[in-house]
Amino acid sequence: MENPFKEIRLHKDKPTQEFSCQLLHRENDSVVLYYQVQSHARIKDIKIEKGSSTIAHYWTNRNYVLWKFKGVDHRLLGYLFHVCNKPEIGSTFVRYEDLELDIWFDPAGTAIVLDQDEVNDCCRRGLIDSRELALIEQQKRHILKNVTTIIQSIWTEDR
């Protein structure tokens with residue numbers, strides 16, 4: 001793989017996940033990575049086929065990660081925002097703590113808030129504290145209000 005890069009996702013109640021990606025673009029406070037989906041997956045009712053691709057955007061100064069999903073036919077499937085904490089970009093990796101809440105936007109812009117039940121469970125178990133819960137809620141409001149502006153501002157290969 002050209003320009004190998006690792007995505008390291010820390011979880012509150014699951015083992016750490018690592019994914020090998022390809023670095024597409026780097027700036028001082030951000031990276032854009034390419035990942036090809038290795039096996040069939042689901043995001044609630046959204047089917048992600050093996051061979052689909054993700055263009056993932058990470059920033060050190062934002063508390064979310066943005067994935068743009070394309071199907072095997074290169075058609076846009078949608079956008080997935082992961083609310084996160086402590087994003088860090090190194091020379092060959094990006095690492096962040098997943099704060100459980102995700103927001104999916106289909107190509108028409110319809111939003112589906114995902115995993116609120118996981119956030120609530122982690123709060124009950126003391127894995128998410130009140131500061132993190134406030135961050136999650138603030139980021140959810142920010143993403144839902146500003147999704148169009150955020151998506152229009154992301155790096156694309158044709159820029």
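The values are calculated or read from the model by the stated rules, or taken from the named source; none is laboratory data. Note that the structure is predicted; figures quoted are calculated from it, not measured. When we count neighbours, we look across all protein chains shown, and the Cβ atoms used for this are built from the backbone with ideal geometry, even at glycine.
In table form, for the structure just shown:
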quantity: Filter result for the condition that a residue is in contact with a Lys or Arg (Cβ under 9 Å, 6 or more places away or on another chain) and touching a residue at least 40 places away in the same chain (Cβ under 8 Å), over Lys44, Lys6; calculated: Lys6
quantity: Test for Leu101: is it in a helix (DSSP H, G or I) and among the hydrophobic types (A, V, I, L, M, F, W, C); calculated: no
quantity: Filter pass, Ile89 being under 17 Å from the mean Cα position of the chain (by Cα), within 22 Å of Pro15 (Cα to Cα) and modelled with pLDDT of 95 or more; calculated: yes
quantity: Check on Ile136, free of Cβ contacts under 8 Å to residues at least 60 places away in the same chain and either among the basic types (Lys, Arg) or part of a helix (DSSP H, G or I) (or both); calculated: yes
quantity: Pair list, Cβ < 8 Å and 6+ apart or interchain, from the range 11-40 residues that are surrounded by 11 or more Cβ atoms within 10 Å (Cβ to Cβ) to residues that are part of a loop (DSSP other than H, G, I, E, B) and of a type in the set (Val, Ile, Thr); calculated: Lys12/Ile128; Asp29/Thr60; Ser30/Thr60; Val32/Ile154
quantity: Unmet requirement for Val72, which otherwise passes all of (1) assigned to a loop (DSSP other than H, G, I, E, B); (2) β-branched (Val, Ile, Thr); (3) crowded, with 21+ Cβ neighbours inside 10 Å; calculated: (3)
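Each row is one residue, and each column tells you yes or no for (1) within 30 Å of Gly126 (Cα to Cα); (2) out of contact with any strand residue (DSSP E or B) (no Cβ under 7 Å at 6 or more places or on another chain).
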position: Thr16; (1), (2): yes, no
position: Leu23; (1), (2): no, no
position: Arg26; (1), (2): no, yes
position: Ser39; (1), (2): no, yes
position: Ala56; (1), (2): yes, no
position: Trp59; (1), (2): yes, no
